[in-house]
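Everything on this sheet refers to the single structure shown next.
The values are calculated or read from the model by the stated rules, or taken from the named source; none is laboratory data. As the structure is a prediction and not an experimental result, all values here were calculated from the model. Don't worry about glycine lacking a Cβ; one is built from the backbone with ideal geometry, like all the others, and counts go over all protein chains shown. For the accessible areas, the whole protein counts, side chains as well, though only heavy atoms, and no ligand, DNA or RNA atoms are used. Shrake-Rupley method; radii C 1.70, N 1.55, O 1.52, S 1.80 Å.
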Amino acid sequence: MSAGTGESGEGGTSTAVRNTIAAGTGCGCLLSPLALLGTLVLIIIIGGFGVLLAPLIALILLFSGGGGDGSAGADDADEVIAVFNGDGGGELDPSTVPGDLVEPIEEAGDLCGAIGPVVIASQIERESGFNEELVGENGEEGISQLPPAVFEKYGEDDDDNDETSAFDAGDSIMAQGRHLCDLAGQAQRMIDANEATGSVLDLALAGYHVGMDAVRAAKGVPQTNEAQGYVLAVRAQFAKYEGVAAPPPGATPGVTPGADPDPTASPSASGASAREHQEDSQS
């Protein structure tokens, strides 16, 4: 089952995470990020790359860099988990992204009801680490890492500089939003036709990374580390961009404290290849 869509496991997941925190707590001190990472490895070994992994990612994000002064409690953990499992439709905290990108991110997040600005910002971090000049290993371009054929379909001169370019952040982000909304529409039709299960958001995110053909064939988010991991990685940033687990003062907007926005962490070869072929299935 895809991340964030399994209601049956949510209660047990939250309980498991709270128990994990309690086990590492003494005198009200939170479990260290290192211990959380150790628990994460244990969960992967015992339960696979499944639902239990999702809240742990969010909690690691909160306790290893978010929360401002580094303090957090059970209520913070519950809120992070709730945001993680939500639809990404909360309001964007403008302080968490570069100032000149607030407007295009909010505009892209207003293009359709299924995709909000928090989703746009979270996906940008996963794709490029907010690097507007990034060229991916398979030719993906710009801050949103769209293959040229996809950008050609969805890109417009949104920043009004008389040039449509994937390396213009405004153009790239708006193309990202249009593409995601298109994928969300496809996902909704698949769900309505009983051709796929899961949330519209998760299916759209998976489609962005591995292609809607793969989502359609799997009748949901493919049960692979690549597809599941991508959806989880994007969801793990929701709390930060909603300001629930905001970076501490002095952190670079748009970059998770302690994280290396390494371009090689952007789409893998197989995922990018699948995305490049999306046009055939969408035509």
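Couple of notes before you dig in:
- Accessible area of Arg178 in the full protein assembly, 1.4 Å probe (Å², nearest 10): 50
- For the stretch 159-240, the dipole from Cβ point charges (+1 on Lys and Arg, -1 on Asp and Glu) about the Cα centre works out to 640 debye, to the nearest 20.
- For the stretch 100-158, GluC sites (Glu not before Pro) are listed when DSSP marks them as loop and at most 13 other Cβ atoms sit within 10 Å of their Cβ; the list is Glu133, Glu137, Glu156.
- Carbon plus sulfur fraction of accessible area for the stretch 73-201, probe 1.4 Å, in percent: 42
- Over the stretch 90-159, accessible surface divided per residue gives 40 Å², non-protein components excluded, 1.4 Å probe.
- The HN-Hα couplings worked out from phi for the stretch 185-194 by the Karplus form 6.51 cos²θ - 1.76 cosθ + 1.60 (θ = phi - 60°) are x, 4, 4, 5, 5, 5, 5, 4, 8, 6 Hz, whole numbers, x standing for Gly and Pro.
- In order along the stretch 99-109, phi translates into HN-Hα couplings of x, 6, 10, 4, 4, x, 5, 5, 5, 5, x Hz, rounded to whole numbers, per the Karplus curve 6.51 cos²θ - 1.76 cosθ + 1.60 with θ = phi - 60° and x for Gly and Pro.
- Stretching Ser95 away from Ala149 to a fully extended chain increases their span by 16.2 nm, per 0.36 nm per residue minus the current alpha-carbon distance.
- Scanning residues 5 or more positions from Leu146 or on other chains, those with amide H under 5 Å from its amide H are Glu141, with H placed 1.01 Å from N in the peptide plane.
- Ordering Asp100, Asp171 by accessible surface, largest first, gives Asp100, Asp171; the 1.4 Å probe counts only protein heavy atoms, with every chain in place.
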